[in-house]
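Structure first, then comments.
The values are calculated or read from the model by the stated rules, or taken from the named source; none is laboratory data. Note that this is a predicted model, so its numbers are computed, not measured. Virtual Cβ from ideal backbone geometry, glycine too; neighbours counted across all protein chains shown.
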Amino acid sequence: MREFWLHILVLLIVLASLAYFIPYGITGMTMHQLDVAIKSNFSGHISAFNFETLANVSETQDIYVEFFNSGTETYDLTIEEYIYYYSDKLEELVHYQDSTVTLYPGMRRPFETKFTPNTMGYYYIKVRITMGTKRMEAWGSFYATFPDYTPYVYAQNFPFGTWAEVTPSLNVSYPESINVYPGRSVMTNIKVKNIGNATIHEMKMHLSASNLLDIDMNPKESYYLDPGETVVFLLDIFAPNEAPIGEYPIDFELVTRELKETGTIKVNLTSYDVSLKDDVKNTILNYDLLIADLERQIIDARAKDLDTTEVGIELENAKAKMQEAKNFYEQEDYLSASSSLEELKDILKDATLKLAQISFVVYTAPSFSPLWLLLVIIAIAVIFLMLHNRKKDKRKPKLLRMEEAET
């Protein structure tokens, strides 16, 4: 009888665990996976990008990257890894580069490095993979701290009775095509809104494009996005003068713990050159929208009681610089207006990076949930029943108990 109830208990725990993990994924892991198809004659994906999100100062951080040739073409592959420390700016600390190899279809190329942080703070990891004329980039970040200090840890909790009804969903909006002129840069954005009823965790935007384009993306990642909130990824795209006129697609994949989204922005590199006046006017209109998006995100952060002091200062600096550019434009000093807009672009990039960092969290499995309380109650009930039956057995005459044992 006791073995029967033990089997029932084990079965209940297994079923409840499966029901808990299926909607959310297994939590507490620090593996990040990228799957981007290179829409040309070859394809592949980063099958592993593993590291610890929270590390201790002076302890070695193991970083593991693996690339898989999932296409039918053979190509030369080079994996690079950059590690940055962030204070007010990203400071490159180390650059690792794997030897170039020929990767045949179905083959994998692992790349493992070790890094020891010596200062408390934020570190960023950039993985760059070159495949012929294509380049793929993936970013990750971790926080180095001391054993007696831990930053805010976010634990996902949900109301009892609704855990099976959680539906993660995102709305991703972006321009289908943009024009870029040789020797110039343009700023565009990818807006991601959480339209589901579940928090989205560890959101990373991975890009794949021609190695002729220089693309700077900010923020590098978003740590979590609550229902109804929006995060804006800024893409600063530059095409050198020597780049041939034509179409250059930027393929992106948004990777989170819960789901993935993909898309393509077509970059039209054109020889048609707009006047400086029109270029400044279009840039002002574009940056006005970006400032408005930034302000809305800051309002959302303040509603969570996050410290927005520094990013608030950046917002005011951006507004002041925008007004300066508009004044120059009205004075028909388009060269000075263009210079002010370049400074404004850097302010916006810094502000989005700081905005992401103030919401830094280490995602862990919930320390408590009603589901586990239910499991504990079931376990206690089963144990109580087993002990109760055992006491009843002991109250029976010894001869009767021996006869029952024999049967």
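Within the set of pairs 6+ apart or on separate chains, which have a first residue in the stretch 263-285 that is touching a residue at least 40 places away in the same chain (Cβ under 8 Å), a second that is among the aliphatic types (A, V, I, L, M) and assigned to a helix (DSSP H, G or I), and C-beta atoms under 6 Å apart?
Pairs that qualify, where the first residue is touching a residue at least 40 places away in the same chain (Cβ under 8 Å) and the partner is among the aliphatic types (A, V, I, L, M) and assigned to a helix (DSSP H, G or I), are 280/337; 283/341.
Give the residues of the stretch 203-220 that are more than 23 Å from residue 248 (Cβ to Cβ) and surrounded by fewer than 20 Cβ atoms within 10 Å (Cβ to Cβ), sorted by residue number.
None; the set is empty.
For the stretch 295-314, enumerate the residues that are buried (at least 16 other Cβ atoms within 10 Å of the Cβ) and under 11 Å from residue 354 (Cα atoms).
Result: 298, 308, 311, 312, 314.
Tell me which residues, restricted to the stretch 153-179, are in a loop (DSSP other than H, G, I, E, B), of a type in the set (Ser, Thr, Tyr) and either touching an Asp or Glu at 6+ places or on another chain (Cβ under 7 Å) or modelled with pLDDT of 90 or more (or both).
Answer for the stretch 153-179, where residues must be in a loop (DSSP other than H, G, I, E, B), of a type in the set (Ser, Thr, Tyr) and either touching an Asp or Glu at 6+ places or on another chain (Cβ under 7 Å) or modelled with pLDDT of 90 or more (or both): 169, 174.
Show the residue pairs meeting these rules: Cβ distance below 6 Å; 6+ apart or different chains; first residue within the stretch 296-322 and at negative phi; second residue among the basic types (Lys, Arg).
Taking only residues 6 or more apart or on different chains, the pairs are 308/302; 310/354; 311/354.
Filter the stretch 221-280 down to the residues that are surrounded by 15 or more Cβ atoms within 10 Å (Cβ to Cβ) and among the acidic types (Asp, Glu), then identify the one that is nearest to residue 209 (Cα to Cα).
If we take residues in the stretch 221-280 being surrounded by 15 or more Cβ atoms within 10 Å (Cβ to Cβ) and among the acidic types (Asp, Glu), then 251 is nearest to residue 209 (Cα to Cα).
Would it be correct to say that residue 286 is on the phi < 0 side of the Ramachandran plot, assigned to a helix (DSSP H, G or I) and either outside the structural domain of residue 184 (by TED's automatic domain parsing) or at pLDDT below 95 (or both)?
For residue 286, the condition - on the phi < 0 side of the Ramachandran plot, assigned to a helix (DSSP H, G or I) and either outside the structural domain of residue 184 (by TED's automatic domain parsing) or at pLDDT below 95 (or both) - is met.
If we keep just the residues of the stretch 209-254 that are part of a strand (DSSP E or B) and β-branched (Val, Ile, Thr), which is farthest from residue 348 (Cα to Cα)?
It comes out as 250.
Condition test on residue 311, is it assigned by TED's automatic domain parsing to the domain that holds residue 228 and aliphatic (A, V, I, L, M)?
No.
Let's see how each residue does on (1) closer than 22 Å to residue 296 by Cβ; (2) within 14 Å of the chain's Cα centre (by Cα); (3) not small (Gly, Ala, Ser):
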{"residue": "189", "(1), (2), (3)": "yes, no, yes"}
{"residue": "197", "(1), (2), (3)": "yes, no, yes"}
{"residue": "200", "(1), (2), (3)": "yes, yes, yes"}
{"residue": "203", "(1), (2), (3)": "yes, yes, yes"}
{"residue": "206", "(1), (2), (3)": "no, yes, yes"}
{"residue": "209", "(1), (2), (3)": "no, no, no"}
{"residue": "214", "(1), (2), (3)": "no, no, yes"}
{"residue": "217", "(1), (2), (3)": "yes, yes, yes"}
{"residue": "222", "(1), (2), (3)": "yes, yes, no"}
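Yes or no: the stretch 204-213 includes at least one residue that is more than 23 Å from residue 173 (Cβ to Cβ), in the same structural domain as residue 142 (by TED's automatic domain parsing) and among the small types (Gly, Ala, Ser).
Scanning the stretch 204-213, I find at least one residue that is more than 23 Å from residue 173 (Cβ to Cβ), in the same structural domain as residue 142 (by TED's automatic domain parsing) and among the small types (Gly, Ala, Ser), so the answer is yes.
Determine if the stretch 258-268 includes at least one residue that is among the aliphatic types (A, V, I, L, M) and under 26 Å from residue 359 (Cα atoms).
Yes, some residue in the stretch 258-268 is among the aliphatic types (A, V, I, L, M) and under 26 Å from residue 359 (Cα atoms).
Can you pull out every residue in the stretch 180-208 that is in a strand (DSSP E or B) and more than 21 Å from residue 256 (Cα to Cα)?
Residues satisfying the conditions are 180, 185, 186, 187, 188.
Condition first: within 30 Å of residue 249 (Cα to Cα) and modelled with pLDDT under 90. Can you find one or more residues in the stretch 10-31 that meet it?
Yes, there is a match, as at least one residue in the stretch 10-31 is within 30 Å of residue 249 (Cα to Cα) and modelled with pLDDT under 90.
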